[in-house]
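What follows is a set of notes on a single structure, which appears directly below.
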Amino acid sequence: MTSVEKALFDLPADIVVKDQDIVSKYTTDFRHLYAGRTVAVLRPRSVAEVQLVVRTLAAHGVPVVPQGGNTSYCTAATPNRDGSEVVVSLERLNKVREVDAENLSMTVDAGCVLSDLHDIASENDLMLPLSLGSQQSCQIGGNLSTNAGGIAVVKYGMARELVLGLEAVLPDGSLFSDLNPLRKNNAGYDVKQLFIGGEGTLGIITGTSLKLVRKPRALVTAFLAISDISVLSTLLDRAQRFTGDAVTSFEYVSNSSLDLLLGKRPNLRRPLEEPSDHYVLLEAATSSHLLDLQGAAEALLEEAMSDGLVTDGTVAANEEHRRHFWHLRENIPEGEVLNGGSVKHDVSVRTSRLAAFITEASEIVKSRSNKAILSVYGHVGDGNVHFNVVPPHGAQPAEFKENFEQSVSPLIYSLAARMGGSFSAEYGIGRSKLELLAEFGDPGKIALMRKLKTALDPKGSMNPGKVIP
Ligand SMILES: Cc1cc2nc3c(=O)[nH]c(=O)nc-3n(C[C@H](O)[C@H](O)[C@H](O)COP(=O)(O)OP(=O)(O)OC[C@H]3O[C@@H](n4cnc5c(N)ncnc54)[C@H](O)[C@@H]3O)c2cc1C
């Protein structure tokens, strides 16, 4: 008997899935970049069962790969290829433990799907302001483990900023519990922060207390054609001033990204009649029913057009109109997939350097691979741009992407580093960005990460081969 078989023998049979037809969905990542192997997936239903699983696997020296919705963009949630690791899926740990509407908080199991939590907050006239394209399948435990960003970071911050309390099972099976929805709690080190963005390498998050906000009473969404990317930060600043800092989303969409989608989905309408090279999808929200956001947006549009920042634009007239704008933005990744996929660069720089970054990075691509199709878009209100490159028409996508990643991507990352930016704005490190962390990470920080990992997980059994170069 192997160590894995011995460990499985010691666990309740009804939490063990061995059918390889089912197991394969847990061993391949969302983008099909990495196919691992595992003998079994474990699906505990309670915190006590997560502890039992971790303790039992640890006793047999079997490494654990925690998994949420398996939507990671950096192959962080898949096991290795030799079958020695076991996937622990949190999908059955999915209860809402408490909603405290007065305290603007909810305490939930880690396996709750993000969009289900949106619904529950909404039933309480509140909102959980974390929103990403994968929200129908990603889980809150995965969101915290990756410190997810998404479309509302401008106003509400990354996932970390929404966490009040956290509970996690440590690599030896013991429980760390700081699950308290307090806004102020300075009683010792804020240890929970280690698990946020830890990508499952320090323990398994089992529960969290989250901040909620009041549901917006007024919401305004506009699709704007801008004269040039150099106006992005001025326009954001102006939008914040006009709306009283109510901007929740400030998304850049290049026309080439939009064309990739519209070319394959002819049933979708263009957002504005005349095409433009650059667009901004802007949304602002307030919980006050007294503030005239619509008026503020119209005044912004008028002034920005007369100043030449904006060349055309429309404010969504109704919810259907608004959904159409968001549908276009959120389906850009699909447009890329339909055109052979993309080489993704999830870069951030300070907002004041964003336009310069996009311009210089585009020049690098043009000089090295002039037929490659640029697909540039993203949450630029927080300095995050998805600077993606799609294979030229007629090229072999896999071959193009491999060559590009080896020869051009390093130049793009070096540019980001020179501009004081990051090679990983929101997707994390996982397995696929280890070399980038080794190259661009601060050596002192990496050394401290190693010390923390050794202190919490001396046997290296939690999600091995991820995050730490
Ligand atoms: C269409 C699409 C759009 C996306 N848009 C965004 C975006 O806008 N912003 C953004 O930040 N990301 C985005 N992502 C990436 C991804 O959805 C996020 O990283 C998300 O937070 C991952 O959640 P998950 O539940 O799927 O986690 P998984 O992919 O299952 O796991 C991710 C990491 O977290 C660990 N993990 C999962 N659950 C736990 C747990 N309970 N305890 C400890 N570790 C755990 C895993 O081991 C792994 O290291 C997008 C992905 C897709 C497919």
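List of remarks:
- Over 22 Å apart at the Cα level, from the set K366/K401; K264/K344; K371/K401; K401/K445; K344/K366; K25/K211, are K401/K445; K25/K211.
- Amide H contacts for L212 (H built 1.01 Å from N in the peptide plane; partners 5 or more residues away or on another chain; cut-off under 5 Å): S105, M106.
- Karplus (6.51, -1.76, 1.60) ³J(HN,Hα), θ = phi - 60°, over the stretch 359-370, in Hz, Gly and Pro reported as x: 5, 5, 5, 5, 5, 4, 4, 4, 6, 9, 7, 5
- Highest to lowest packing among 3-13, 142-152, 429-439, scored as the average C-beta count within 10 Å: 142-152, 429-439, 3-13
- Under Karplus coefficients 6.51, -1.76 and 1.60, residue-wise ³J(HN,Hα) of the stretch 185-198 in Hz, glycine/proline x: 6, 9, 7, x, 4, 8, 5, 4, 4, 4, 7, 7, x, x
- Seen against the Cα atoms of the chain and their longest principal axis, helix 443-456 is set at about 40 degrees.
- Computed [θ] at 222 nm, helices only, for the chain once each DSSP H run of length n ≥ 4 contributes -39500 (n - 2.57): -10000 deg cm²/dmol
- Nonpolar atom fraction for the chain, defined as the carbon and sulfur part of the 1.4 Å probe accessible area, stands at 50 percent.
- Local electrostatic count at N103 - Lys and Arg +1, Asp and Glu -1, tallied over other residues with Cβ under 15 Å: +1
- The chain: angle of helix 293-306 to the longest principal axis, Cα-based, in degrees nearest 10: 50 degrees
- When only the Cβ of Lys, Arg, Asp and Glu is charged (+1, +1, -1, -1), the dipole of the chain relative to its Cα centre reaches about 1120 debye.
- Summing +1 for each Lys or Arg and -1 for each Asp or Glu among the other residues whose beta-carbon sits under 15 angstrom from that of G69 gives -1.
- Residue-level accessible surface for E91, protein heavy atoms, 1.4 Å, Å²: 50 Å²
- Where a label projected 7 Å from the Cα of H321 along Cα→Cβ would reach, residues of the stretch 205-225 with amide N under 20 Å: 216-225
- In the stretch 187-290, the chymotrypsin sites (Phe, Trp or Tyr not before Pro) that fall in loop regions by DSSP, at most 14 other Cβ within 10 Å: Y189
- Sequence-separation-based contact order of the stretch 26-143, relative, with Cα cut under 8 Å and 6+ spacing, percent: 26 percent
- Taking all Cα pairs closer than 8 Å and separated by 6 or more residues, the relative contact order of the chain comes to 15 percent.
- Residues in the stretch 311-330 reached by a label modelled at R270 [backbone nitrogen below 17 Å; 7 Å Cα→Cβ]: 311-315, 325, 328-329
- A cut-off under 13 angstrom between Cβ atoms defines the neighbours of A317, and their net charge, with Lys, Arg +1 and Asp, Glu -1, is -1.
- The residues of the chain expose, per residue, 44 Å² of accessible area to a 1.4 Å probe.
- Residues whose amide H lies under 5 Å from that of T206, counting only those 5 or more places away or on a different chain, are E167, A168, V169; hydrogens are built 1.01 Å from N in the peptide plane.
- Between 0 and 90 degrees, the angle of helix 319-330 with respect to the longest Cα principal axis of the chain falls at about 70 degrees.
- Under a 5 Å amide H cut-off, with hydrogens placed 1.01 Å from N, R97 pairs with T107, V108, D109 among residues at least 5 apart or on other chains.
- Inter-part distance where the stretch 331-351 and the stretch 400-469 are each reduced to a Cα centre, Å: 19 Å
- Protection proxy ranking of 72-78, 58-64 - average other beta-carbon atoms within 10 Å, highest first: 72-78, 58-64
- As a calculated quantity, the FRET efficiency between S122 and D14 at R0 = 41 Å, using C-beta atoms, amounts to about 0.75.
- Proximal aspartates and glutamates to K95, defined as alpha-carbon separation beneath 13 angstrom and excluding residues fewer than eight positions away on the same chain: D109, D116
The values are calculated or read from the model by the stated rules, or taken from the named source; none is laboratory data. Note that the structure is predicted; figures quoted are calculated from it, not measured. Positions of Cβ are generated from backbone atoms using ideal geometry, with glycine treated the same way; all protein chains shown enter the neighbour counts. For accessibility, only protein heavy atoms count, side chains too; no ligands or nucleic acids. Shrake-Rupley method; radii C 1.70, N 1.55, O 1.52, S 1.80 Å.
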